[in-house]
Amino acid sequence: MQQASYTLGPTLPAEAGKPPWRPKTAGRIAFFLGPFAGALIVTMSLRRMGQPQAARKAMLFALGLATIMGVILFFVPDAVGRVVGLGVEAASLLFFPGLMEKEFIAWQAAHPASTPANGWLAIGWGLIGAPMLFVVLFLVFLPLMLLFPGR
C-alpha cells in the first residue's frame, strides 16, 4: 500500500535564512494567546529549521486540541469551562516547547554563530493565531448547537 505524502509547501522567501524562535517562546505565546498561536510559532520555527513534516504535525495537533477543547467547553458548565480553558493554556505552556526542542538543539549545533529570533517578534504571529482558535471553536460549536439546542 502506498502512503500519500502531503507537504505544507516550499520554504517561503521571507522564511529563508531567518533563525527560529526558542522553544520556550512558543510555550509562552501558547499560554497567553492559545494553542493555535503556539502552534503557529512552532510551525514557523520548524519550517525555518527545515522540518516541514514536523511543522505539519504541530499544526494538526493544534487543530485536534482546539476541536477537543471546543467539545468539552460546549458540554461543561461555565465555571468548569474556565478551569478547563486555564488547564489547556497551562498544558500548552509545557507541551509546545517539546514539539520543537530536539530540532532546535540540532539547529543550534549546526549554526553555532547564529542566535535565535527575538521572541518579542513572535507576538505578531501569536495575534494571528489567537483568532484562529475562535474560528475553530465556532465551527465546533455550530453543529453542536444544532444537535443539542437546549445547551
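We did not get these values from a lab; they are worked out from the coordinates using the rules stated. Nothing here was measured: the structure is a model prediction, and the numbers come from that model. Neighbour counts are summed over all protein chains in view; Cβ atoms, including those assigned to glycine, are modelled from backbone coordinates with ideal geometry.
Details
- The C-alpha atoms of the chain define a longest principal axis, and helix 52-75 lies at about 20 degrees to it.
- Basic side chains Lys and Arg get +1 at the Cβ, acidic Asp and Glu get -1 at the Cβ, and with that the dipole of segment 45-117 about its Cα centre reaches some 260 debye.
- Listed residues W120, W107, W21, most fluctuating in the chain (Gaussian network, C-alpha, under 10 Å): W120
- For A37, neighbours were defined as the other residues whose beta-carbon sits under 12 Å from its Cβ, and their charges (Lys and Arg +1, Asp and Glu -1) total 0.
- A Cα-only calculation for the chain places Rg and Dmax at 16.9, 60 Å.
- Rounded to 10°, Cα long-axis angle of helix 35-48 versus longest principal axis of the chain: 20 degrees
- Derived scalar couplings ³J(HN,Hα) [segment 123-131; Karplus, 6.51 cos²θ - 1.76 cosθ + 1.60; whole Hz; x for Gly, Pro]: 4, x, 5, x, 5, 7, x, 4, x
- Charge dipole (the chain, unit charges on Cβ, about Cα centre) - positive-most of F74, H111, F96: H111
- In order along segment 139-151, the Karplus-derived 3J(HN,Hα) couplings, from 6.51 cos²θ - 1.76 cosθ + 1.60 at θ = phi - 60°, round to 5, 7, 5, 4, x, 5, 5, 6, 6, 10, x, x, 7 Hz, and Gly and Pro are given as x.
- Pairs of Cα atoms nearer than 8 Å and 6+ residues apart set the relative contact order; for segment 27-151 it is 43 percent.
- Summing charges over neighbours of L65, with a neighbour being any other residue whose Cβ is under 14 Å away from its Cβ, gives 0 when K and R count +1 and D and E count -1.
- Computed from the Cβ-Cβ distance with R0 of 22 Å, the FRET efficiency linking A109 to Q53 stands at 0.65.
- Charge tally for T115 (other residues, Cβ to Cβ under 15 Å; Lys, Arg +1; Asp, Glu -1): +4.
- Angle in degrees between helix 78-110 and the longest Cα principal axis of the chain, rounded to the nearest 10: 10 degrees
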